[in-house]
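A short worksheet on the structure shown next.
The values are calculated or read from the model by the stated rules, or taken from the named source; none is laboratory data. Just so we're clear, the structure is a prediction, and the values are computed from it rather than from any experiment. Every residue, glycine as well, gets a Cβ built from its backbone with ideal geometry; the counts of neighbours run over all protein chains shown.
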Amino acid sequence: MFDTALTANDLILLARGAGMTLVVTAISVFFGTILGIVFGVLRYQVGPWWAAPMTFVLDIFRSIPLLIQLVLANAFVTTVLGWRVSGFSVACGVLSLYTAAYCSEIVRGGIEAVPQTLRRAARSLGMTWGQDMRHIALPLATRVALPSWIGLALGVMKDSALVYIVQVVELLKSTQILITRLQEPLFLLMICGLFYFVISFPIARLGGYLEKRWSHD
C-alpha cells in the first residue's frame with residue numbers, strides 16, 4: 001500500500017506556490033502584452049530600418065536564457081544600483097520585458113497579416129490612422145495573433161518556475177522544499193505537474209474556444 005508523509009499543510013504550501021505562480025504570470029503577461037502591442041505597432045509603422053535599434057534590444061531578451069536575465073537583473077538592481085527591491089519585483093519586471101519581446105513579434109506579424117486592401121479602403125472612406133488601427137487592423141490582427149498569444153502566456157507560466165533564483169517561492173520552489181523535507185521526489189513532482197495542468201488547461205481551452213468562435217464569425 002502506498003504511504004506518504006504529505007499532509008494537508010503541505011498541500012496548502014503547494015497551493016500558495018501555485019497562487020504565486022498565477023500572480024507572477026498575470027502581472028507579467030498583462031504588462032508584457034501592453035508593451036508588446038506598443039512595440040509591435042511601432043515596429044510595423046516605422047518599418048524595419050527605423051525599428052532596427054528596438055528590434056535589436058528585443059532580440060536580446062528573446063535570445064538570452066531567462067535564468068541568466070533574472071540573475072543579471074537582480075545583481076544589477078541590488079548590487080550595482082544599490083536599490084532595495086524584492087525578488088518578486090525583479091521577477092515581474094524581467095518576465096514582463098521577456099513577454100513583451102515575444103509579444104511584439106506576434107503583434108507585428110498579426111498586423112502584417114491584415115489585407116492591405118481593407119486598410120486602403122478604410123483610409124479612402126476618410127478614416128484616420130488611429131481609426132484604421134482601432135476598427136480594422138487591430139481587431140483582425142487579434143484573431144490571427146490569439147493562438148500564438150495563448151501559447152506565449154502558457155509558456156510564461158511555465159517559465160515562471162525559474163523565478164526561484166531571485167527568492168520567489170512559487171509552485172516549483174514549494175515542491176523542492178517539500179522534496180528536501182519528505183524525500184518523495186516522484187510523488188511530489190507528479191502533484192506539482194497536476195497543479196500546473198489544473199491552472200493551464202482552462203487557459204488553453206479558452207483560447208481554443210475563442211479561436212473557433214471567431215473563425216466562424
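In the condition set (1) of a type outside the set (V, I, T); (2) within 24 Å of G130 (Cα to Cα); (3) surrounded by fewer than 18 Cβ atoms within 10 Å (Cβ to Cβ), G40 is compliant with all but (3). Quickly run through the range 1-24 and pick out the residues that are in contact with a helix residue (DSSP H, G or I) (Cβ under 8 Å, 6 or more places away or on another chain) and either surrounded by 14 or more Cβ atoms within 10 Å (Cβ to Cβ) or at pLDDT 95 or above (or both). Residues satisfying the conditions are L6, D10, L13, L14, R16, G17, A18, M20, T21, L22, V24.
Applying the set (1) touching a residue at least 12 places away in the same chain (Cβ under 8 Å); (2) touching a helix residue (DSSP H, G or I) at 6+ places or on another chain (Cβ under 6 Å) to P185 leaves exactly one unmet item: (1). When the range 46-88 is limited to residues that are small (G, A, S) and assigned to a helix (DSSP H, G or I), the one that is nearest to I27 (Cα to Cα) turns out to be G87. Apart from one condition, S86 fits all of (1) buried (at least 16 other Cβ atoms within 10 Å of the Cβ); (2) small (G, A, S); (3) modelled with pLDDT of 85 or more; the exception is (1).
Among the residues of the range 110-154, just one is aromatic (F, W, Y) and within 30 Å of S200 (Cβ to Cβ), namely W149. The set of residues from the range 63-83 being surrounded by 12 or more Cβ atoms within 10 Å (Cβ to Cβ) and not hydrophobic (A, V, I, L, M, F, W, C) comprises Q69, N74, T78.
Note on the range 1-36: residues that are over 27 Å from L138 (Cβ atoms) and among the aromatic types (F, W, Y) amount to 1. Screening the candidates I191, I150 for the property of being aliphatic (A, V, I, L, M) and within 18 Å of V29 (Cβ to Cβ) yields one hit, I150. Quick one: is I27 hydrophobic (A, V, I, L, M, F, W, C), at pLDDT 90 or above, more than 21 Å from L172 (Cβ to Cβ) and part of a helix (DSSP H, G or I)? The answer is no for I27. Contact annotation: residue pairs with Cβ atoms under 8 Å, 6 or more positions apart or on different chains, pairing a residue in the range 39-59 that is on the phi < 0 side of the Ramachandran plot with a partner that is surrounded by 12 or more Cβ atoms within 10 Å (Cβ to Cβ) and among the hydroxyl-bearing types (S, T, Y), are F39/S104; G40/S104; R43/T55; R43/S104; P48/T55; L58/S104. Residues that are in a helix (DSSP H, G or I), at pLDDT 90 or above and within 19 Å of the chain's Cα centre (by Cα) occur at least once in the range 141-149.
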